[in-house]
1. Could you list, ordered by first residue, the pairs with Cβ atoms under 6 Å in which the first is in region 333-345 and under 14 Å from V365 (Cα atoms) and the second is hydroxyl-bearing (S, T, Y), at least 6 apart or interchain?
2. If we keep just the residues of region 135-158 that are more than 13 Å from A197 (Cβ to Cβ) and β-branched (V, I, T), which is surrounded by the fewest Cβ atoms within 10 Å (Cβ to Cβ)?
3. What number of residues in region 90-120 are more than 19 Å from G25 (Cα to Cα), buried (at least 22 other Cβ atoms within 10 Å of the Cβ) and in contact with a helix residue (DSSP H, G or I) (Cβ under 6 Å, 6 or more places away or on another chain)?
4. Of these, E38, E61, which one is outside any strand (DSSP E or B) and in contact with a Lys or Arg (Cβ under 8 Å, 6 or more places away or on another chain)?
5. Considering region 152-173 alone, what residues qualify as being assigned to a loop (DSSP other than H, G, I, E, B), closer than 19 Å to P334 by Cα and touching a helix residue (DSSP H, G or I) at 6+ places or on another chain (Cβ under 7 Å)?
6. Select, from Q3, Q71, the only residue that is in contact with a Ser or Thr (Cβ under 6 Å, 6 or more places away or on another chain), part of a loop (DSSP other than H, G, I, E, B) and in contact (Cβ under 8 Å) with a residue 12 or more places away in the chain.
7. Please verify whether R283 is surrounded by fewer than 15 Cβ atoms within 10 Å (Cβ to Cβ) and among the basic types (K, R), treating the condition exactly as stated.
8. Can you go through P178, P112 and tell me which one is touching a residue at least 40 places away in the same chain (Cβ under 8 Å), more than 22 Å from R75 (Cα to Cα) and either under 21 Å from the mean Cα position of the chain (by Cα) or assigned to a helix (DSSP H, G or I) (or both)?
Amino acid sequence: MVQAIFIFPGNFLWGAATAAHQVEGNNTNNTWWAWEQEPGRILNGDKSGLACDWWGGRWREDFDRAAEGAQNSHRFSIEWSRVQPTPDRWDEDALEHYREMARGLIDRHMTPLVTLHHFSDPIWLAEMGSWENDTVVAYFEAFVRKTVEALKEYVTMWVTVNEPNIFAALAYQQGLFPPGKKDLSSAKTVIVNLLRAHSAAYQAIHQIQPHAQVGIAPQYLSIHPKKSWSPLDLWSAGLMNNVMNEAIPRTLRTGMLTIAGSRKHLPEAKNTLDFIGLQYYTREYISFDLRKFSDLFIQRSYRSDAEKSDGNWLANEPMGMFEALRWAQQFNVPIIITENGVNDRDDRLRPRYMLQHIHQVWRAVNSSIPIKGYFHWSLVDNFEWERGWTQRFGLWELDVETQARRKRPSADLYAEICHQNGIASETVARHTPQILNTLFPDT
């Protein structure tokens, strides 16, 4: 057997990612808690409930597990509705809770990466029209200022908005997230306000912390026409790529939003990226379908022979990771992979998925693409939005009823990668021998 190792640069960030509503529990003052109470909104009628009980303090043991697994960083998010429970009140106890979490990471020699908006909004904001109301920009800026002032002693890396492309699409165009709208015009308005809010937050953070690193974290979807010879499939794939991948981050480079045939000048957004947080999960094949009027005539599918996750939710397409990183290179800022993972309750696919995707990250690093870190989604099973508890992304399994954690084999695999700062042939042979000759050809 070949004995070799794919080594990553020194100071590379290895961690996992979480989001407040998905792990904290009892977030009763936000849009998602209200959404869960409406019949038919969440698969199987699931509710977040206690989630992973992080608000009750179990973040400590989960951070311990991450540190013991050689992770040197962690990405978590701030729940806006806890920090600002009403428009005219700040909760200092909630801010101290987040300070304690950030300090807990520092004490474990882990670097905090903090996300300021991860899908959930205060109910009071929703009552004002939320992201369709232009006043959201000022409210978000005030929340960001308050949070950054509170955490600046421990945090210097900030993601302003998680997956703005997904948030706008699922909440305002497809109706799967609150407020459940199905209106393309509303989705465009929301994208504009998300970009303005990011821009205001970027300036505010740098006023408070001139040395801060501020980015945004779009999800990149590898998009290919199903029939490469079909002009209609090529058109559909191009439209999907514009809406999903290009529109938002390009605006942060140029100050011009171009989306689905419309253009809007947003000069305040130009050059407001210190890094880009790249989130990659899978590749889709796109075809034109006249029956899909509400989806812009787009039909989405996976490659038929690709490995699929539980429920055929994701396809294992590691080459899409390399494609995503090459795409992100155009923004001329450092890249941090802020999410990558697969739903896999039995851990049958995750070890291969993880190794194959991280191998593509290594390829990109060695193609001089400036990648600074990788965050696996997720540290522990958590509440997966409209899919409830049906999807399990965690390195650690969660028993929702008892709060017990059980280590999955992929947790040990990831610990070896983090500890070695790379992928060793012995690690591959031990965890996924079936792909050893692919990653380490015996020449």
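The values are calculated or read from the model by the stated rules, or taken from the named source; none is laboratory data. Since the model is a prediction, treat every value here as computed from it, not as a measurement. A quick note on method: Cβ atoms are made from the backbone with ideal geometry, for glycine too, and the neighbour counts reach across all protein chains shown.
1. Hits for this filter: I337/Y374.
2. Looking at the filtered set, the residue picked out is T156.
3. Going through region 90-120 one residue at a time, the tally reaches 1.
4. Answer to the check: E61.
5. V155
6. Numbers: Q71 fails: in contact with a Ser or Thr (Cβ under 6 Å, 6 or more places away or on another chain).
Testing whether each residue is in contact with a Ser or Thr (Cβ under 6 Å, 6 or more places away or on another chain), part of a loop (DSSP other than H, G, I, E, B) and in contact (Cβ under 8 Å) with a residue 12 or more places away in the chain leaves just Q3.
7. Values: surrounded by fewer than 15 Cβ atoms within 10 Å (Cβ to Cβ): no; among the basic types (K, R): yes.
In short, no.
8. Values: P112 fails: more than 22 Å from R75 (Cα to Cα).
Only one candidate passes the filter, namely P178.
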